[in-house]
Amino acid sequence: MSGEASQDAGAQLAADPVRLPRDEAPHLESDEWWYFTGHLMGTDPAGQQRCYGFEYTTFQVLGLAPEPLYFGNVAITDLNRGTFTYGFEMDSYPVPSTPNRYSLHTGDWTMSGGSGRHALRADITGYSFDLRMQTNALPVLHGDQGNIPYGPLGTSKYYSWTSLLTSGTIVDNGVPVRVSGLSWMDHQWGAFDFTTGAGWDWFSVQLTNGRQYMLYFVRDRSGAIVETLGTQVDQAGTKVTRLDPARIGLTTTGSWTSPATGITYGSGWRLNVPGGSMTVTPRQVDQEVNLLDTPQGNVYWEGDAAVRGAIDGSPVTGDSYVEINPTS
């Protein structure tokens, strides 16, 4: 793309900012997703502490069938058992007309909400959950007013709710566990070009001191990082800083090869950010969502991880979710 074309594209993006709550509702772009991840803890009826990571995503895809397709992905990382369980559901229906909010389903799985309040219900083999979320923090618009460059994939609209106080119940192999914790929601949409074979490494970081980071490293087909994006949210959740890509770095410190797909993923990372660095360590190495034999037809690693490092001269700890969408 020429410099002049790049400037024109940038001007067009800046002229069309994400606006909330309007853009909580579904759009008519070809690709869109509502993406929840979180870290939950509770005590079972026998008095044992239980710890879980979870993911629940709804993908809306237009143009592949006469009606929109909806793909649901749910995963539970059971940190007590050391297991990772996931499931897939599919549905098709007209794009819902839900001004200023969303209300989506794939089969019996449901997610709904808006303006920082959300409700999720789903079940997979051995587990079900019913969760409620709310926040007093502001939504986070990434990039230029919610517009980000997406490397070979094109451009994207993107915002997050990064600090969702979560409560509810996980039924763990028949045992109800009241849980609470902190979740993160991403909403992203655009006309993406997935034929390029591009992928990405994505990190949400929620530090115990209240500071949060979103870091996105987009890779081309060869695996080279060609787009780096970062956002920092201050401890109070009121100041959002767009990070200079030149001051963000990713070093992969280990690897894990899936016995199911043969894909080798990064497994352990060092993140450089302004003022310091953080080490991100998976709490389990196998957190691969393998949907190659479903109509969705993709595979990715989505995992609960621990964070430790130093920022501005002070030690930090926290939680992370990491998504690796492999290149092809």
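The values are calculated or read from the model by the stated rules, or taken from the named source; none is laboratory data. Owing to the predicted nature of the structure, the values given are computational and were not obtained by experimental measurement. Here the Cβ is made from the backbone with ideal geometry for all residues, glycine too, and neighbour counts use every protein chain on show.
A few notes on this one:
- Output for the range 72-109, where each listed residue is of a type outside the set (S, T, N, Q), touching a residue at least 12 places away in the same chain (Cβ under 8 Å) and part of a loop (DSSP other than H, G, I, E, B): LEU79, GLY82, TYR93, PRO94, VAL95, PRO96, PRO99, ARG101, GLY107, ASP108
- Failed condition for VAL285, given (1) more than 23 Å from TYR56 (Cα to Cα); (2) modelled with pLDDT of 95 or more; (3) part of a loop (DSSP other than H, G, I, E, B); (4) out of contact with any helix residue (DSSP H, G or I) (no Cβ under 8 Å at 6 or more places or on another chain): (1)
- Of all residues in the range 204-236, those satisfying the criterion of being within 30 Å of LEU62 (Cβ to Cβ), in contact (Cβ under 8 Å) with a residue 60 or more places away in the chain and either in contact with a Gly (Cβ under 9 Å, 6 or more places away or on another chain) or not in a strand (DSSP E or B) (or both) are MET214, TYR216, VAL218, ARG219, ASP220, ARG221, SER222, GLY223, VAL226, GLU227, LEU229, THR231.
- Of ASP130, ASP186, all but one fail to be crowded, with 22+ Cβ neighbours inside 10 Å, modelled with pLDDT of 95 or more and within 29 Å of PRO282 (Cα to Cα); the exception is ASP186.
- Matching residues, the range 302-319, being touching a Leu at 6+ places or on another chain (Cβ under 9 Å), of a type in the set (Gly, Ala, Ser) and over 15 Å from GLN235 (Cα atoms): GLY309
- Taken as a whole, the range 1-16 holds no residue that is more than 19 Å from the chain's Cα centre (by Cα), of a type outside the set (S, T, N, Q) and at pLDDT 95 or above.
- Among the residues of the range 293-317, the ones that are of a type in the set (Asp, Glu) and crowded, with 20+ Cβ neighbours inside 10 Å come to 2 in all.
- Test: SER167 is in a strand (DSSP E or B) and either of a type in the set (Gly, Ala, Ser) or modelled with pLDDT under 95 (or both): yes
- Test: GLN60 is touching a strand residue (DSSP E or B) at 6+ places or on another chain (Cβ under 6 Å) and loosely packed, with under 13 Cβ neighbours inside 10 Å: no
- Between VAL226, VAL175, the distinction of being touching a helix residue (DSSP H, G or I) at 6+ places or on another chain (Cβ under 7 Å) and either surrounded by fewer than 17 Cβ atoms within 10 Å (Cβ to Cβ) or of a type in the set (A, V, I, L, M) (or both) belongs to VAL226 only.
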